[in-house]
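A.B. asks: Here it is, the structure, as structure tokens.
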Amino acid sequence: MTTDLLRIELGVIWRLDGRGRLPGPEELVIGVAADGMTAAVRADLPDPVAAELLDLVSQGVPSPPGHPPDVLARCDALLGGGRAVSGGPCYLVRPPLTFEAPAEVVTSDDPSHAARLHPLRPAGWEPEEWDELLAGGAGAPWAMIVEDGQVAAICHSARLTPEGAEAGTWTSPAFRGRGYAAATTAAWAGLLPGVRLFYSTSADNRSSQRVAGRLGLDAIGWLWKLTARDSTASPT
């Protein structure tokens, strides 16, 4: 069932606690698949409120892709109203994937690549994060494209747990539209044999959705989130 896959992905992205609760900032995440819905609530919500939210979702009706389920509004009201609503599609990655791009893809399974990439840290990465990524720590394994003396595109393990991995992609604005995100994602998928792989994005990120289409990823549903408007950004 695709609902089961969404539940697994939800757990991979948010690393749910022993009770299946979210660390935050989201107060509620609902996974909507064609065959049903699943949900998780934030760890610090009172148990009666959490139980009522989950009960509402269990009685709800799945919505078409791109449309929030009707139960989301009822859940927002239960939480006091005025929560920010966000969402986006989710995909299952089924290796092997191939995508030809006019550039060489380098991967973390060759230690020599890390030394070559070390001085090319993109501005969006903190030095400690970049060092850890290249050393095989958080974010590994990865695949990158280097062009004109800079990192043009990256696909890395945004989340990696015993249950699965979530792709994280980035392409430098100067190199977008060349298929680099698809090429690095295909290469990344080949680095994790036997691991269940996921790819998700936001509703307004059409470029990321085009990557999923180029690779022929299997759409499994949507994740919808309710977040207090003064909270920090989602981990996805």
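A.B. asks: Hey, which of the strands (runs of 3 or more DSSP E) in the stretch 148-236, taking only ones fully inside, have at least 1 residues that are of a type in the set (Val, Ile, Thr) and in contact with a strand residue (DSSP E or B) (Cβ under 8 Å, 6 or more places away or on another chain)?
C.D. replies: 150-161, 164-171, 218-227
A.B. asks: (1) touching a residue at least 12 places away in the same chain (Cβ under 8 Å); (2) open to solvent by less than 70 Å² (accessible area, probe 1.4 Å); (3) of a type outside the set (Lys, Arg); (4) assigned to a loop (DSSP other than H, G, I, E, B): which one isn't true of Asp44, the others all being true?
C.D. replies: (2)
A.B. asks: Restricting attention to the stretch 31-41, which residues are part of a strand (DSSP E or B) and either surrounded by fewer than 22 Cβ atoms within 10 Å (Cβ to Cβ) or of a type in the set (S, T, N, Q) (or both)? Before you say what the answer is, go through the steps one by one.
C.D. replies: Of all residues in the stretch 31-41, those part of a strand (DSSP E or B) come to 31-33, 36-41.
Of everything in the stretch 31-41, those that are part of a strand (DSSP E or B) and either surrounded by fewer than 22 Cβ atoms within 10 Å (Cβ to Cβ) or of a type in the set (S, T, N, Q) (or both) turn out to be Ala33, Gly36, Thr38.
A.B. asks: Could you give every pair whose Cβ atoms fall below 8 Å, whose first residue belongs to the stretch 119-136 and is without any contact (Cβ under 8 Å) to a residue 12 or more places away in the chain, and whose second residue is among the hydroxyl-bearing types (Ser, Thr, Tyr), counting only separations of at least 6 or pairs across chains?
C.D. replies: So the pair list comes out empty.
A.B. asks: Inside the stretch 191-208, can you point out the residues that are surrounded by fewer than 18 Cβ atoms within 10 Å (Cβ to Cβ) and under 13 Å from Leu97 (Cα atoms)?
C.D. replies: Leu192, Pro193
A.B. asks: Which residue out of Ala152, Ala143, Ala181, Ala186 is of a type in the set (A, V, I, L, M, F, W, C), touching a residue at least 24 places away in the same chain (Cβ under 8 Å), open to solvent by less than 20 Å² (accessible area, probe 1.4 Å) and within 30 Å of Met37 (Cβ to Cβ)?
C.D. replies: Ala181
A.B. asks: Can you name every residue in the stretch 65-118 that is outside any loop (DSSP other than H, G, I, E, B), modelled with pLDDT under 95 and either basic (Lys, Arg) or open to solvent by 60 Å² or more (accessible area, probe 1.4 Å) (or both)?
C.D. replies: Residues satisfying the conditions are Ser112, Ala115, Arg116.
Yes/no per residue for (1) hydrophobic (A, V, I, L, M, F, W, C); (2) at negative phi; (3) touching a strand residue (DSSP E or B) at 6+ places or on another chain (Cβ under 8 Å):
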{"residue": "Thr38", "(1), (2), (3)": "no, yes, yes"}
{"residue": "Leu79", "(1), (2), (3)": "yes, yes, yes"}
{"residue": "Arg83", "(1), (2), (3)": "no, yes, yes"}
{"residue": "Asp109", "(1), (2), (3)": "no, yes, no"}
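A.B. asks: Residues being buried (at least 22 other Cβ atoms within 10 Å of the Cβ) and farther than 14 Å from Phe198 by Cα: count how many of those fall in the stretch 1-30.
C.D. replies: 6
The values are calculated or read from the model by the stated rules, or taken from the named source; none is laboratory data. From a predicted model like this one, the values you see are computed outputs, not experimental measurements. Every residue, glycine among them, receives a Cβ derived from its backbone with ideal geometry; neighbour counts consider all protein chains shown. Heavy atoms of the whole protein, side chains included, go into the accessibility calculation; ligands, DNA and RNA do not. Shrake-Rupley method; radii C 1.70, N 1.55, O 1.52, S 1.80 Å.
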